[in-house]
Amino acid sequence: MGRGARIWNHANVLVLSLRATTEAIAKEILDAWFATPYSNDDWNLQQIERIRQLEKIEKSTSEQKIS
């Protein structure tokens, strides 16, 4: 689950229900999540670049508000 979410869904957030997930299963999922690197496929790299561009816009907007 953790590995698949990271690889196939390009997820950068993982949500688990502690009510429906045992501690042992949660640990297994989290271990897989943290051990799985982000994908370097074209789609994921494009998303990272989009986020960087949004961060630049946000930083520029914030600096203008301060001035």
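The values are calculated or read from the model by the stated rules, or taken from the named source; none is laboratory data. Remember, it's a predicted structure, so these values are computed and weren't measured experimentally. As a convention, Cβ positions derive from the backbone with ideal geometry for all residues, glycine included, and neighbour counts pool all protein chains shown. All accessible areas refer to the heavy atoms of the entire protein, side chains included, with ligands and DNA or RNA removed. Shrake-Rupley method; radii C 1.70, N 1.55, O 1.52, S 1.80 Å.
Remarks
- Charge tally around Thr21: other residues with Cβ under 14 Å, Lys/Arg +1 each, Asp/Glu -1 each, net -1.
- Nearest-10 value in Å² for the accessible area of Leu54, using the 1.4 Å probe: 110 Å²
- Proximal aspartates and glutamates to Lys59, defined as alpha-carbon separation beneath 20 angstrom and excluding residues fewer than eight positions away on the same chain: Glu49
- Here the calculated FRET efficiency for Glu28 and Ile57, from their Cβ-Cβ distance with R0 = 30 Å, stands at 0.15, rounded to the nearest 0.05.
- Pairwise FRET efficiency - Asp42 versus Leu16, Cβ, R0 = 25 Å, nearest 0.05: 0.25
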